[in-house]
Amino acid sequence: MNKPIAIALATITIVLLSGFGAETSTSGKKEHKINVKGTITTTAHPNKTQVENIAIGGLIEKIFFYPAPTNIDTLSDHILKVDPETEHDELDFVQDIKTIKVADANDIWHYQAGKNKMKQYILVEITLKNESAPKRYLLNNARTITCNVVEGDVVFERKAEPTTLKELTIISTIPRDQPKKQKSVHIPRTTQKVTA
């Protein structure tokens, strides 16, 4: 078998296997067992919009947010000297996050992760459900925010890069109805001797 065909078959196999075990909606998008509902405001859509199925980087829990350096206000070049990913807080929409705000979409921070790898982060303020004062974190700009906008009978997916976010507020987290498993019925086997 030649190399391009082998690579194509391996790619197809990986794609097919990666979808097993996940629940999907009618649109084919993976759904979490909990529906996160709230409102979102972005630079493209400045009016507060009701949304559901909110996720960041495909996650609703164990989302990595990196505490902003205490001296971040004194850094004028927006270059981080220390890798922000060496320390992180794992937050989730169910237990922790009440709001995420981006005060300035141009407040992008850079870290040189390797010789040819520059990572970008946006400064966000997160208000936790059990606290009133927001905490400042860095969010990796590669983490896309996804949600579904529901307008009447029409549902469509919206994606937003963290730099376009103005505010994301979590209103509720609702467990999805799990399909009831059918009970298996055990029918004992009986054997009969047939004599002729």
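The values are calculated or read from the model by the stated rules, or taken from the named source; none is laboratory data. Predicted, not measured: the structure shown is a model, and the values here were computed from it. Every residue, glycine among them, receives a Cβ derived from its backbone with ideal geometry; neighbour counts consider all protein chains shown.
Could you check, for the range 12-31, whether at least one of its residues is outside any loop (DSSP other than H, G, I, E, B), modelled with pLDDT of 50 or more and touching a strand residue (DSSP E or B) at 6+ places or on another chain (Cβ under 8 Å)?
yes
Within the range 42-54, count every residue that is of a type outside the set (Lys, Arg) and surrounded by fewer than 18 Cβ atoms within 10 Å (Cβ to Cβ).
8
So which of Arg158, Arg176 ends up being surrounded by 10 or more Cβ atoms within 10 Å (Cβ to Cβ), at pLDDT 85 or above and farther than 30 Å from Thr43 by Cα?
Result: Arg176 is the single residue among Arg158, Arg176 that is surrounded by 10 or more Cβ atoms within 10 Å (Cβ to Cβ), at pLDDT 85 or above and farther than 30 Å from Thr43 by Cα.
With the checklist (1) modelled with pLDDT under 95; (2) surrounded by 15 or more Cβ atoms within 10 Å (Cβ to Cβ); (3) not acidic (Asp, Glu) in hand, flag the one item Cys147 doesn't pass.
(1)
When the range 129-158 is examined, which residues are found to be over 30 Å from Asp77 (Cβ atoms) and assigned to a strand (DSSP E or B)?
Scanning the range 129-158 gives Thr146, Cys147, Asn148, Val149, Val150, Glu151, Val154, Val155, Phe156, Glu157, Arg158.
Out of the residues in the range 32-54 that are in a strand (DSSP E or B) and polar (S, T, N, Q), state the one that is nearest to Ala105 (Cα to Cα).
Thr42
For the range 79-99, which positions are farther than 14 Å from Leu138 by Cα and hydroxyl-bearing (Ser, Thr, Tyr)?
Of everything in the range 79-99, just one residue is farther than 14 Å from Leu138 by Cα and hydroxyl-bearing (Ser, Thr, Tyr), namely Thr99.
Residues of the range 88-103 being at pLDDT 90 or above and under 13 Å from Leu165 (Cα atoms), which ones?
Result: Thr99, Ile100, Lys101, Val102.
Could you please find all residues in the range 55-86 being loosely packed, with under 12 Cβ neighbours inside 10 Å and either part of a loop (DSSP other than H, G, I, E, B) or out of contact with any strand residue (DSSP E or B) (no Cβ under 9 Å at 6 or more places or on another chain) (or both)?
Passing the criteria: Lys62, Thr70, Asn71, Asp73, Thr74, Ser76, Asp77, Lys81, Val82.
Could you figure out which of (1) at pLDDT below 95; (2) surrounded by 11 or more Cβ atoms within 10 Å (Cβ to Cβ); (3) at negative phi; (4) not aromatic (Phe, Trp, Tyr) isn't true of Lys37?
(1)
Tell me which residues, restricted to the range 87-102, are of a type outside the set (Asp, Glu) and exposed (fewer than 12 other Cβ atoms within 10 Å of the Cβ).
Gln95
Yes or no: Thr127 more than 21 Å from Ile34 (Cα to Cα) and surrounded by fewer than 19 Cβ atoms within 10 Å (Cβ to Cβ)?
So Thr127 does not fit the description; no.
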